[in-house]
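Asker: The structure follows.
Every read-out reported here was derived from the displayed coordinates using simple, explicitly stated rules and does not represent laboratory data. The model shown is predicted, which means the values in this text are computed figures rather than measured ones. Heads up, the Cβs are rebuilt from the backbone with ideal geometry, glycines too, and the neighbour counts pull from every protein chain shown.
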Amino acid sequence: MKSIYNTFISVVIAIFILAKKETLGRQVRNVLKAYLPPTWNEHIFHVTNLFSETFSSFLSGQVLDASIMGVLFLVSMLVLG
């Protein structure tokens, strides 16, 4: 019963974060600017931007790879019957 509850709470929190990601990002940026020195802020923003670009490129590559493999398998299954 507890695992069902935890799963439900996790899904609700994930939906909330995805729905409000721009607002949450802006709030986190404001908190970091308020409490950390500017050099730390620049470093943190650089690392998070690098992470975001790298991860989105990775996901795009995976989708492209899966699409190509799907088309190749479809063609090979149609040829082989």
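Asker: Provide the gained length on full extension for the span residue 80 to residue 27, in nm with one decimal, where the gain is 0.36 nm per separating residue minus the Cα-Cα distance.
Answerer: Result for the pair: 13.5 nm of gain on full extension.
Asker: Mean-square fluctuation check for the chain, GNM, Cα pairs under 10 Å: which of 18, 50, 36 is largest?
Answerer: In the Gaussian network model the winner is 18.
Asker: Per DSSP H run of at least 4 residues, take -39500 (n - 2.57); add these up for the chain, divide by its residues and hand me the 222 nm value, nearest 500 deg cm²/dmol. Before the final figure, lay out the partial values.
Answerer: Numbers: 3 runs with 76 residues, N = 81.
About -33500 deg cm²/dmol.
Asker: Considering only the other residues whose Cβ falls under 15 Å of the Cβ of residue 47, what net charge follows from Lys and Arg at +1 and Asp and Glu at -1?
Answerer: On the way: positive: 29; negative: 42, 53.
The answer is -1.
Asker: Give the Cα extents of the chain along the principal axes, in whole Å, largest first.
Answerer: 64, 41, 18
Asker: To the nearest 0.05, how large is the calculated FRET efficiency for residue 40 and residue 15 if R₀ is 25 Å and r is the Cβ-Cβ distance? All intermediate terms of the calculation are to be shown ahead of the outcome.
Answerer: On the way: r = 31 Å, r/R0 = 1.26.
The value I calculate is 0.20.
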